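Notes follow once the structure below has been shown.
The values are calculated or read from the model by the stated rules, or taken from the named source; none is laboratory data. As the structure is a prediction and not an experimental result, all values here were calculated from the model. Using ideal geometry, Cβ is built from the backbone for each residue, glycine included, and neighbour counts are taken over all protein chains shown.
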Amino acid sequence: MTKKKPITERVFSGMQPTGSLHLGNYLGAMINWIEMQKTRECIYCVVDLHAITVWQDPAELRQSIRQVTAAYIAAGLDPKKSIVFNQSQVAAHAELAWVFNCVARLGWLNRMTQFKEKAGKDREQASVGLYAYPNLMAADILAYRATHVPVGEDQKQHLELARDIAQKFNNDFKTSIEALGHPDGIFFPQPEPVITGPATRVMSLRDGTKKMSKSDPSDLSRINLTDDADAIATKIRKAKTDPEPLPSDEKGFEGRPEAENLVGIYAALTHRTVESVLTDFGGQQFSTFKKALAEVATDRLGRIGDETRRLMAEPGYIDHVLADGAARARAIATPIMDQVKDIVGLLRS
Ligand code: AQP
């Protein structure tokens, strides 16, 4: 019996340059990215084509692409080890997204909760791109036949859709895939979501029932990776809480989402369990706890902010990283896209 060649593990993930990265992006996804680059082949993208699904000022977008890249590096991504680039520099993303627009079903996209939230009440005015966003995300991952996707909790549904698209593509084109030399009929792997870590869903500082988000109009709702010590302290001091002292165990979070969120953030930043944080702070007032939280947040994020600012003063270096990453990404994605064209029956010269 011939031994089946194991699928090579490849990691892909990205963030939108829709503003400054925040604590949710960092704790929900980026700390896993940094960990995974130690042992696996990793591709980390600044997903600028996703960003334009809602209006972006062109000059601000250019600045944000560089700033997100700088934050990636400042937080610990090594652009020599991992591939770091912006999505629009690799044509395979948009090309494969079109193929997937023709594979995914309307019914699947109609179920996507993120579109409903982002389009709001005036759905007729939302861009077609915002609606087809999950197909582009599937293309981002599968253009590299990536097997693992570290993301926050909010991306779980989109990842499930990417798996459905991979499976339907494999089924629809089974004969063609086999003819191309894949005897098991599998061209695209089923990408695995990696949603692990201490804070897979960080909530807004102003409303513990809403996720922390770049596009929240209130800057007080989030801690940006570029905030300085004063800004961090002010935002934490102003964070919404309730008049009760901190509970002494997790059951005491019932009906207190803001308290749960702040304690969760503290635990994640200090690599401790929520239980052990409550052993120290249970029964104490929020004013005391908030001072301690501001200290650990500044301690952990201050260096990232400083390094991001230093790198932003070197746009030539950032552009070099993106160009080099794009060339390495293209070297993987172009042959895969060529095979997709052959599988689908598109002629190429
Ligand atoms: N609040 C969060 N908690 C945990 N993880 C989060 N992520 C985002 N917000 C949180 C994770 O960060 C990665 C990049 O997200 P994105 O930039 O693609 O866009 P998003 O998920 O839509 O994040 P934002 O901040 O809310 O951006 P806008 O406001 O532009 O839509 C993803 O892995 C995400 O799960």
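For the reader, a short list of remarks on this structure follows.
- Residue within region 152-160 that is closer than 11 Å to GLN190 by Cβ and crowded, with 22+ Cβ neighbours inside 10 Å present: no
- Candidate set: region 214-236, residues that are buried (at least 19 other Cβ atoms within 10 Å of the Cβ) and within 9 Å of the ligand (Cβ to nearest atom); chosen: the one farthest from LEU293 (Cα to Cα): LYS214
- In this structure, LEU77 does not qualify as within 11 Å of the ligand (Cβ to nearest atom) and within 15 Å of the chain's Cα centre (by Cα).
- Residues (in a helix (DSSP H, G or I) and among the β-branched types (Val, Ile, Thr)) located in region 200-243: ILE232, THR234, ILE236
- Qualifying residue in region 20-41 (condition: touching a residue at least 12 places away in the same chain (Cβ under 8 Å) and under 19 Å from PRO315 (Cβ atoms)): yes
- Condition broken by VAL11, with the remaining ones in (1) outside any strand (DSSP E or B); (2) touching a Cys at 6+ places or on another chain (Cβ under 8 Å); (3) of a type in the set (Val, Ile, Thr) satisfied: (1)
- Close pairs (6 angstrom Cβ cut-off, 6 or more residues apart or separate chains): under 13 Å from ALA139 (Cα atoms) and assigned by TED's automatic domain parsing to the domain that holds GLU95 in region 328-339, surrounded by 16 or more Cβ atoms within 10 Å (Cβ to Cβ) and among the acidic types (Asp, Glu) anywhere: MET337/GLU95
- Checked against (1) assigned to a loop (DSSP other than H, G, I, E, B); (2) at negative phi; (3) within 16 Å of the ligand (Cβ to nearest atom), PRO189 passes all but condition (3).
- Test for ALA259: is it of a type in the set (A, V, I, L, M, F, W, C), assigned to a helix (DSSP H, G or I) and under 30 Å from THR69 (Cβ atoms): no
- Unique residue being aliphatic (A, V, I, L, M) and at pLDDT 95 or above when the list is ILE7, ILE43: ILE43
- Tally, over region 281-295, of residues that are more than 29 Å from the chain's Cα centre (by Cα) and small (Gly, Ala, Ser): 3
- Yes/no for PHE169 being in a helix (DSSP H, G or I), crowded, with 21+ Cβ neighbours inside 10 Å and in the same structural domain as THR113 (by TED's automatic domain parsing): yes
- Enumerated helices (runs of 4 or more DSSP H) restricted to region 76-139, each holding at least 3 residues that are in the same structural domain as ILE52 (by TED's automatic domain parsing) and under 12 Å from LEU49 (Cα atoms): 92-101
- Take the conditions (1) farther than 19 Å from LEU322 by Cβ; (2) in a loop (DSSP other than H, G, I, E, B); GLU35 misses just one of them, which is (2).
- ASP207 vs. criteria modelled with pLDDT under 95, farther than 30 Å from ILE343 by Cα and among the acidic types (Asp, Glu): no
- Output for region 38-75, where each listed residue is of a type in the set (A, V, I, L, M, F, W, C) and not in a helix (DSSP H, G or I): CYS42, ILE43, CYS45, VAL46, VAL47, ILE52, VAL54, TRP55
- Lone qualifier among GLU314, GLU307 - being free of Cβ contacts under 8 Å to residues at least 60 places away in the same chain and among the acidic types (Asp, Glu): GLU314
- Unique residue being within 24 Å of LYS174 (Cβ to Cβ), away from the ligand (no atom under 13 Å from the Cβ) and surrounded by fewer than 16 Cβ atoms within 10 Å (Cβ to Cβ) when the list is TRP98, TRP108: TRP98
- Selection of region 138-164 for residues being in contact (Cβ under 8 Å) with a residue 60 or more places away in the chain, small (Gly, Ala, Ser) and more than 8 Å from the ligand (Cβ to nearest atom) yields ALA143, ALA146.
- All of (1) surrounded by 24 or more Cβ atoms within 10 Å (Cβ to Cβ); (2) within 12 Å of the ligand (Cβ to nearest atom) hold for SER20 with one exception: (1).
- Filter result (of a type in the set (S, T, N, Q) and more than 20 Å from the chain's Cα centre (by Cα)) within region 210-247: SER218, THR234, THR241
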